[in-house]
Amino acid sequence: MEDKNPIQVAGRIFSIIETLAANGPCGLLELSSSLNLNKSTVHRILNSLIYMGYVIQDTSSSKYGLSFRICELSNQILMKNDIVDIVRPFLKELVAQTEETVHLVQLDHTKAVYIDKVESYSNSVRMVSKVGKSIPLYCSGVGKAILADMPDEKIAAVWNESDIHSITPHTITSYELFMKKISEIRNQGFATDDEENELGVRCIAVSLSSCIGKSRYAVSISAPISRMGDERVKELARILMETKAKIVI
């Protein structure tokens, strides 16, 4: 497979966009240094992105940042995603039942992308997750729930293509231990994330299978560990699996 981008300028354009999205407004020198590109090249691309409305330049600081046109594109994608409309009533029902924040994610290669979120306002602690943000499959409840529905050889392929590292002291980085967890998920019907992606947060998740049997989505309940003791996890897992049985996609 060809690793090099066949259209070099396209790679540079999106590298600039992704850098601005990750880091916020940047100066020309900062951008060119971080991307290891010539200042004149970066400047030409930025001017083109400004012309098209995707980048704006602050007149006082001269820094470049993304415009809200990027948000418009993501909103258009989500608006055309029927799964959000189908599942959202169930997410609201889950929040009413559990008083915890719930998420809907979609599979994206080795990651899962948050495509909907309904936050509980009964509790003061807010979750840092955001719609559009991605999370690795190997260290998340939603990711493991989706992976558990795949054959072992596909799981191995995803593992090998992922950047496996310890995000927290609880992150599983051993493939053998990970596959034991997958076996547990298959037996019990739900997955957990025990502070593997974010310290202080536990998550329970179930996959959503389509009518053709493929799992591309998952629903989760997330809460601080102070509200996620083992008995509470069992209770929420039961509610989540009951909800899963009602969802037809």
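The values are calculated or read from the model by the stated rules, or taken from the named source; none is laboratory data. Remember, predicted model here, so these are calculated numbers, not experimental data. Ideal geometry is used to build each Cβ from the backbone, glycine not excepted, and the neighbour counts take in all protein chains shown.
Tabulated results
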| quantity | calculated |
| --- | --- |
| Residue list for the stretch 99-113, restricted to those being over 14 Å from ARG216 (Cβ atoms) and touching a strand residue (DSSP E or B) at 6+ places or on another chain (Cβ under 6 Å) | GLU100, THR101, VAL102, HIS103 |
| Residues of the stretch 1-60 satisfying the condition of being among the acidic types (Asp, Glu) and either surrounded by 15 or more Cβ atoms within 10 Å (Cβ to Cβ) or not in a helix (DSSP H, G or I) (or both) | GLU2, ASP3, GLU30, ASP58 |
| Some residue of the stretch 157-174 being of a type in the set (D, E, K, R), over 28 Å from ARG88 (Cα atoms), assigned by TED's automatic domain parsing to the domain that holds LEU107 and under 16 Å from the mean Cα position of the chain (by Cα) | yes |
| Matching entry among TYR121, TYR114, TYR138 (being at pLDDT below 95, surrounded by 17 or more Cβ atoms within 10 Å (Cβ to Cβ) and hydroxyl-bearing (Ser, Thr, Tyr)) | TYR114 |
| Flag if ARG227 is loosely packed, with under 14 Cβ neighbours inside 10 Å and within 26 Å of PHE90 (Cβ to Cβ) | no |
| Filtered residue count, the stretch 145-162, keeping only those that are farther than 14 Å from PHE190 by Cα, of a type outside the set (Gly, Ala, Ser) and part of a helix (DSSP H, G or I) | 8 |
| Members of the stretch 159-183 that are closer than 12 Å to ALA148 by Cα and without any contact (Cβ under 8 Å) to a residue 40 or more places away in the chain | MET179, LYS180, LYS181, ILE182, SER183 |
| Selection within the stretch 100-121 - of a type in the set (D, E, K, R), without any contact (Cβ under 8 Å) to a residue 60 or more places away in the chain and more than 18 Å from ILE155 (Cβ to Cβ) | ASP116, LYS117, GLU119 |
| Counted residues, the stretch 163-200 - those being over 22 Å from ARG232 (Cβ atoms) and outside any loop (DSSP other than H, G, I, E, B) | 9 |
| Checklist (1) more than 22 Å from ASP149 (Cα to Cα); (2) out of contact with any Asp or Glu (no Cβ under 6 Å at 6 or more places or on another chain); (3) of a type in the set (A, V, I, L, M, F, W, C) applied to MET241, failing item | (1) |
| Residue within the stretch 68-83 that is of a type in the set (S, T, N, Q), closer than 24 Å to LEU29 by Cα, without any contact (Cβ under 8 Å) to a residue 24 or more places away in the chain and out of contact with any strand residue (DSSP E or B) (no Cβ under 8 Å at 6 or more places or on another chain) present | no |
| Among (1) surrounded by fewer than 14 Cβ atoms within 10 Å (Cβ to Cβ); (2) modelled with pLDDT of 95 or more - the single one ALA191 does not satisfy | (1) |
